[in-house]
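Here the structure is laid out as structure tokens; the discussion comes afterwards.
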Ligand code: MN
């Protein structure tokens, strides 16, 4: 088997820089979606991929998951010691072609899909807050798709010294297509739209280009990256995937056929979400917040604590037993009084603030508005 790749990346129509990065160099393929202020996101995604590629080419750092672990460490240490990129992180979704198999490793909310026989199947699980809330039965899939915090990651490279890496392996056959993409694609297009484009574009490069164009037409609110891998039977039987001889699992010899037929030709990666839950509330808060994409790195909101107006740090959400916020200031202002004003009716659900100053300003405004109430605040 050989793989023919097509790849495209685009800044989109809203962002000022492209923080997505990719590697397309058989047998190694990967996409990474960086995040972090300034140029942090770009640095994170590039550093992760450079580290991975370096180790992979030299056959160092153990297996694929270990190499991803090393990439995590590289980003973690850089953001820890370089103030200009403090707090940066990145997703990473990797596919390695090994004869009639594709090995996968994954952290974050970029995705891998298998397109086979006109069907599109998701191979990865998003490491996002909403996905976790779905798993906990707190929200439905439909709610997750439009949830304001759908970009909050529960796992990313560069956040902690170690990261839990999902691993998977699929068997591939002639005509299969593997798609690696960032959330700038999946956030803009439905799976059915993606499926239709993959179906209509036989050439992988053309397919990648069309996916980008469609995501831009749909709004392009994020950077977009699409990597399309077409699996073809090699007529001369020469598997070039292992030509470099550097990948620990890549072999120049044909991979032996599996001893037993498998129930399915691919298996979904295990969710492996226990790591986050076991880490406790503080870890969830820290990891969740670092993953914020569409909002500021540090979230503030004004809400209700013990019946009083209060300033919170975090986001007004709960995962399982863990609250993703804590009270910073509890005022003496009555929340019930504030809620009588139309402007503050949303107080129980939290009024988002752009930072500490804005939270203070909202509280001051509530105080001023309550003082102006014709009958005065009740007790
Ligand atoms: Mn993105």
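Laboratory data are not the source of any read-out in this text; all were calculated from the coordinates shown. This is a predicted model, so every value here is computed, not measured. FYI the Cβ positions are ideal-geometry reconstructions off the backbone, even for glycines, and counts take in every protein chain you see.
Which ordering of 195, 83, 213 is given by a fewest-first count of other beta-carbon atoms within 10 Å?
Details: 195 18, 83 8, 213 15.
With the sparsest Cβ surroundings first, the list reads 83, 213, 195.
Kindly state, to the nearest 0.05, the FRET efficiency for residue 174 paired with residue 145, given R0 = 30 Å and r defined as their beta-carbon distance. Could you put the intermediate results ahead of the total?
Numbers: r = 34 Å, r/R0 = 1.13.
Efficiency computed from Cβ-Cβ geometry: 0.35.
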The stretch 158-201 shape via C-alpha gyration tensor axes, a/c threshold 1.5: oblate
Segment residue 84-residue 200, extension gain: residue separation times 0.36 nm, minus the distance between their alpha carbons: 37.4 nm
Residues 199, 160, 174 arranged by fewest to most Cβ contacts within 10 Å: 174, 199, 160
Square roots of 5 times each gyration tensor eigenvalue, C-alpha, the stretch 53-210, largest first, Å: 27, 23, 14
Compactness relative to 2.2 N^0.38 Å, alpha carbon Rg of the stretch 1-138: 1.10
For the stretch 126-239, projected area of the alpha-carbon convex hull averaged over all directions, nm²: 9.6
